[in-house]
Amino acid sequence: MTGSVNHESHIFLLSFLLSGMSHAFDDAVLDKASGFIHPSEPCYLRLRTLAMSMSTSRYTRAFAYGYNPETDRSACGWAHRVNSDEIAMQKAVQECNEAGLEVDCQVIGLNGEWVADESLLTPLVEVSGSVLSRSEKQQVLDQVESFLLGDCKQQLKGYLQGNGLKAFAYSVDPLGRYACGVGAGTRNNAQSGVKALAACEEARQGMKASKQPDAACQVLLAGNQLQLSVADYGVDFTPPAESLLTDVGLLELQQTAAYMLEGSCNRKFLRYLEKPGHKVFAYAVEGKKAVCASEDKAISRAAAEHYALSACNRVAGKRQLKATCDLLL
């Protein structure tokens with residue numbers, strides 16, 4: 001006779017637990033299983049029921065279990081009232097494998113004995129540490145302040161409110177395009193990391209091409225512990241030091257612009273010189289035609305160059321210039 005985790009078995013389980021039956025527990029199997037099967041899993045409840053009801057059974061019985069850490073899914077199968085251990089194990093494994101976990105199930109209990117190969121099981125991980133204090137949260141936020149951008153900052157603040165098995169994944173590229181995702185509700189931090197990466201990649205791939213970060217997601221935090229720093233992301237969003245041009249330096253730039261640029265581009269360049277921050281001025285000249293564009297609100301020098309050149313080349317295309325834009329400053 002074989003069984004599977006279904007609606008009828010849940011009803012049977014509830015009625016069984018409420019019936020007050022007093023069969024002895026199979027402590028050896030249950031104690032071992034509690035290190036690998038979460039008590040909230042239907043498979044643990046079924047194993048508990050079978051151990052209670054059949055610990056004194058004279059029949060051969062087997063219980064098989066499988067867990068796929070990549071999908072965070074588990075399944076089980078069992079068999080009893082058969083004439084041999086081999087048949088009982090085969091039926092239990094077959095029942096478990098029918099769930100389609102994409103991993104092989106194995107027999108963990110046979111006739112009340114723990115027989116699992118623990119090296120093939122994924123152990124449960126106890127939640128360690130406590131909820132962060134306000135100062136500890138701020139310390140984490142301070143460490144990511146230079147490279148965690150936009151609404152991902154708000155997501156991280158919410159993430160840090162609790163404790164538990166969780167992970168926070170983040171993607172950012174030198175242009176300041178970013179995405180993030182959270183993974184939680186799993187049996188260990190590794191699985192939380194898998195879920196966080198999947199959520200982050202889904203967010204990244206769902207963005208418009210112009211806003212999609214050109215960098216894979218990485219796990220930034222496992223639990224409440226930082227795993228990476230700004231150096232691991234290869235970005236530099238440090239605000240530029242304020243450049244104080246001397247009167248001579250400013251005059252030379254103005255003369256250069258007057259020589260290379262005419263009309264509106266010259267005036268745009270003079271206004272550009274007055275602005276702070278990461279800034280770039282791009283231009284193209286072809287005969288008497290000149291086009292230009294600037295960027296002064298970018299998060300990095302790389303972003304400023306990208307957006308200024310892109311804007312300049314778009315204008316050059318509309319003006320039907322064959323020349324491509326270059327950087328003036």
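The values are calculated or read from the model by the stated rules, or taken from the named source; none is laboratory data. Because the structure is predicted, anything quoted here is derived from the model rather than measured. Please note: Cβ atoms are built from the backbone with ideal geometry, for glycine as well, and neighbour counts cover all protein chains shown.
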Check your understanding: Does at least one position in segment 98-108 carry a residue that is surrounded by 13 or more Cβ atoms within 10 Å (Cβ to Cβ) and touching a Ser or Thr at 6+ places or on another chain (Cβ under 7 Å)?
Key -> no
Study note, to complete from the structure: Across segment 93-151, the tally of residues that are more than 30 Å from Asn83 (Cα to Cα), among the β-branched types (Val, Ile, Thr) and modelled with pLDDT of 90 or more stands at 2
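Select from segment 317-329 the residues that are more than 38 Å from the chain's Cα centre (by Cα) and within 22 Å of Leu273 (Cα to Cα) and list them in ascending order.
To start, the set of residues in segment 317-329 that are more than 38 Å from the chain's Cα centre (by Cα) comprises 317-326, 328-329.
Cys325, Asp326, Leu328, Leu329 - these are the residues of segment 317-329 that are more than 38 Å from the chain's Cα centre (by Cα) and within 22 Å of Leu273 (Cα to Cα).
Could you name every one of the helices (runs of 4 or more DSSP H) located completely within segment 143-234 that has at least 3 residues being buried (at least 19 other Cβ atoms within 10 Å of the Cβ)?
Numbers: elements: 151-159, 189-205, 230-233.
It comes to 151-159, 189-205.
Has segment 98-115 got at least one residue that is under 24 Å from the mean Cα position of the chain (by Cα) and aromatic (Phe, Trp, Tyr)? Before the answer, list the steps.
Let us first name the residues in segment 98-115 that are under 24 Å from the mean Cα position of the chain (by Cα), namely 101-103.
Narrowing further to those that are aromatic (Phe, Trp, Tyr): none.
Among the residues of segment 98-115, not one is under 24 Å from the mean Cα position of the chain (by Cα) and aromatic (Phe, Trp, Tyr), which makes the answer no.
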**Study point:** Answer from Ser57, Ser40, Ser9, Ser4 - the residue that is surrounded by fewer than 17 Cβ atoms within 10 Å (Cβ to Cβ), farther than 25 Å from Thr186 by Cβ and either modelled with pLDDT under 85 or among the hydroxyl-bearing types (Ser, Thr, Tyr) (or both)
**Key:** Ser57
Point to revise | Residues located in segment 282-316, provided they are at pLDDT 90 or above and aromatic (Phe, Trp, Tyr) | key: Tyr307
